[in-house]
1. Against the condition aliphatic (A, V, I, L, M), in a loop (DSSP other than H, G, I, E, B) and either within 30 Å of I148 (Cβ to Cβ) or modelled with pLDDT of 95 or more (or both), how does L61 come out, does it pass?
2. Quick test of your reading of the structure: F68 fulfils all but one of (1) aromatic (F, W, Y); (2) within 21 Å of D163 (Cα to Cα); (3) without any contact (Cβ under 8 Å) to a residue 40 or more places away in the chain. Name the failing condition by number.
3. Residue check: is Q121 in a helix (DSSP H, G or I) and either of a type in the set (S, T, N, Q) or over 15 Å from the mean Cα position of the chain (by Cα) (or both)?
4. Is it the case that T94 is under 19 Å from L20 (Cβ atoms) and polar (S, T, N, Q)?
5. Take the range 90-118 and flag every residue that is among the polar types (S, T, N, Q) and in a strand (DSSP E or B).
6. Mind checking which pairs have a first residue in the range 93-121 that is within 16 Å of L167 (Cβ to Cβ) and a second that is basic (K, R) and surrounded by fewer than 13 Cβ atoms within 10 Å (Cβ to Cβ), Cβ under 7 Å, 6 or more apart or different chains?
7. Since D67 meets every condition but one in (1) over 14 Å from T111 (Cα atoms); (2) at pLDDT below 95, which condition does it not meet?
Amino acid sequence: MRSFIALTLPEPIKEKIANLQQALSESKADVKWVEKSNIHLTLKFLGEIDQETLEKVKSCLKEIVNDFRKFNLGLDKLKGFPSLEKARVIWIGTQEGSHQVTDLATQIEETLQNLGIAKEQRPFRCHITLGRIRSPKNLNKLAERIKILNQKPLFVFEPFQVDKITLFESILLPSGPVYRTIAEYNLG
């Protein structure tokens, strides 16, 4: 089963992100935008795991959430990986609450490594993926649009409360991934 652990976002935040994606799509850049229903903040991608490992992951997550309290998370500016001008991924950063998210992701990473789940080689970066660049077509227009939107408070995101983590199954279909909730774990 292909799976991952993530923070879900409230519907009003997802709606604002979808509106932001729409504004960015006006650049006519070749981007595969994340579907509104799939917008989330990944804490740990598990990849393919068997049922026995899944049960161990569930048990670990039950323990981990006891060490964390609810907190507020604020969203920040639009950015690109590896850079805005050479972006392969368009994402939105975080501000308030970033430290708590990073601590949570680190705890999950370290705990699941003991189960034999490979540790991520890149350092964790607290972000929400908005879209993946498919070709360089109009990338410069997209970068300009992002710079303009980052200067204007057109899309102000109020901080929202993070009160749980979610274990998802990722089902890959020709039309795109579908995420199914396996379990949710309330923070302390």
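The values are calculated or read from the model by the stated rules, or taken from the named source; none is laboratory data. As the structure is a computational prediction, the values presented were derived from the model and not from experiment. Positions of Cβ are generated from backbone atoms using ideal geometry, with glycine treated the same way; all protein chains shown enter the neighbour counts.
1. Spelling it out, it is not the case that L61 is aliphatic (A, V, I, L, M), in a loop (DSSP other than H, G, I, E, B) and either within 30 Å of I148 (Cβ to Cβ) or modelled with pLDDT of 95 or more (or both).
2. Unmet condition: (3).
3. Working: in a helix (DSSP H, G or I): no; either of a type in the set (S, T, N, Q) or over 15 Å from the mean Cα position of the chain (by Cα) (or both): yes.
Considered against the rule, which asks whether it is in a helix (DSSP H, G or I) and either of a type in the set (S, T, N, Q) or over 15 Å from the mean Cα position of the chain (by Cα) (or both), Q121 comes out as no.
4. Working: under 19 Å from L20 (Cβ atoms): yes; polar (S, T, N, Q): yes.
Spelling it out, T94 is indeed under 19 Å from L20 (Cβ atoms) and polar (S, T, N, Q).
5. The answer is T94, and nothing else.
6. Pairs that qualify, where the first residue is within 16 Å of L167 (Cβ to Cβ) and the partner is basic (K, R) and surrounded by fewer than 13 Cβ atoms within 10 Å (Cβ to Cβ), are E109/K119.
7. The one condition D67 does not meet is (1).
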